[in-house]
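A short reminder: the numbers here are calculations on the coordinates, not readings from a lab. A quick note: this is a predicted structure, and the numbers were derived from the prediction, not measured. Cβ coordinates were reconstructed from backbone atoms using ideal geometry, including for glycine residues, and neighbour counts include every protein chain displayed.
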Amino acid sequence: MTEVTVSSIDLGLTGTPETDRSAARELDRAFSTLGFATIRGHGVPTERFDRTYAIARQFFGLPESEKLRYLPDRPGLFRGYSAVGTHRSAVGSHKADASRAPGDLGETYMIARVDGLDDRYYHDPAFGLTYAPNFWPQVPGFREQFEDYYRTMEQLAFRLMRLAAIALELDPGFFTSRLRRHCSTCTLINYPPLSAPPLPGQLRRGEHTDNGVLTLLHQRTDGPPGLQVRPRDQDWLDVRTAPGEIILNIGDLLARWTNDRWVSTPHRVVLPAGEWTSRERLSLAYFQKTDFDALIEVAPTCLRPGERSRHEPIVAGDWMRAKMLRSRGQAT
């Protein structure tokens, strides 16, 4: 398998109009081709990642019967624990029959927005369970550390969305004005060691595109490899990162917003081989999303004279919710 060179953008060099424009141009090049980049100089200390991985290991190390206490208790509630084999990433992207797709060989714990939920906006019945409260396992320090990590990624994502707007020659607040009441999620992901042969076509995470705006993924560089991307008209490529870097990729909503100028690239996590089969793989994923009722239609600078939009306007929350329900085999 060929390894892809992912553009690395140093956020430590930003902070002035000139340096922000330079970083924005790099983002534009990366998002227009691969749809992926890595960022360094982001200011997140190594210790914050390490502490978050530590609480993830504590939770995933619990007996299965204990972890199952934290399953969501209602369809459409995307919080808490998902056991190995219950999430089908490929179904969410390709509208396949959930009963026929093999489940992902990973387990997760998901939370959503942690602040500001007392505002009346978040209690609109039309939003369903999108802004429902998080619930927490009885693991010392779990809530405090996970909330801290969420807020850190939330701030970083807003910074990147400002650069994204600059890259598209929009007002710097074009995107962030539609993220003030966002419904972003953050997920601890554990891929346990392989203890049995996988089902035909089964992967640690099936081929998919992300349904939101932007994804920030941190993975342990000392663990098993596995992340692959499939750019336009190419075969699958391995993605590797340097220690401390965060992987950045765009989701379907940002691709729609840009009339596919920026690419929401299919990606997956393949099975480990050789000595890696006995090793777990941990990663931390923050999925930046919009306000539930944000209208997504092509940004004005992404339409050339005479060019038509490739996508109909959509309400972001309804569209994302339908895709997440499919990935869990729930009715839409």
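Annotations
- Environment charge at LEU248 (Cβ cut-off 12 Å; Lys +1, Arg +1, Asp -1, Glu -1): -1
- Candidates GLY173, VAL239, LEU203 compared by Cα position along the dipole of the stretch 131-262: farthest toward the positive end lies GLY173, with charges placed on Cβ.
- Student exercise, the chain dipole from Lys, Arg, Asp, Glu Cβ charges, in Debye to nearest 20: 520
- Per residue, the average separation of C-alpha pairs within less than 8 Å and at least 6 apart gives the chain a relative contact order of 24 percent.
- Average 1/r across all pairs of distinct alpha carbons in the stretch 149-291, invert it, and you get the Kirkwood radius: 16.4 Å.
- Our summary gives the stretch 95-248 a relative contact order of 30 percent, counting only alpha carbon pairs under 8 angstrom and 6 or more residues apart.
- Charge sum, other residues only, whose C-beta stays under 12 Å from THR176's C-beta, Lys/Arg counted +1 and Asp/Glu -1: +2
- Average Cα contact separation per residue, the stretch 166-291, under 8 Å, 6 or more apart, as relative contact order %: 45
- Reported to the nearest whole Å, the Cα centre-to-centre distance from the stretch 7-28 to the stretch 226-292 is 21.
- Each of [x] 55; [y] 28; [z] 35 is a candidate for percent of Cα pairs over 31 Å apart; the one calculated from this structure is [y].
- The trypsin sites (Lys or Arg not before Pro) of the stretch 298-327 that meet both conditions, a loop assignment by DSSP and at most 15 other Cβ atoms within 10 Å of the site Cβ, are ARG308, ARG310.
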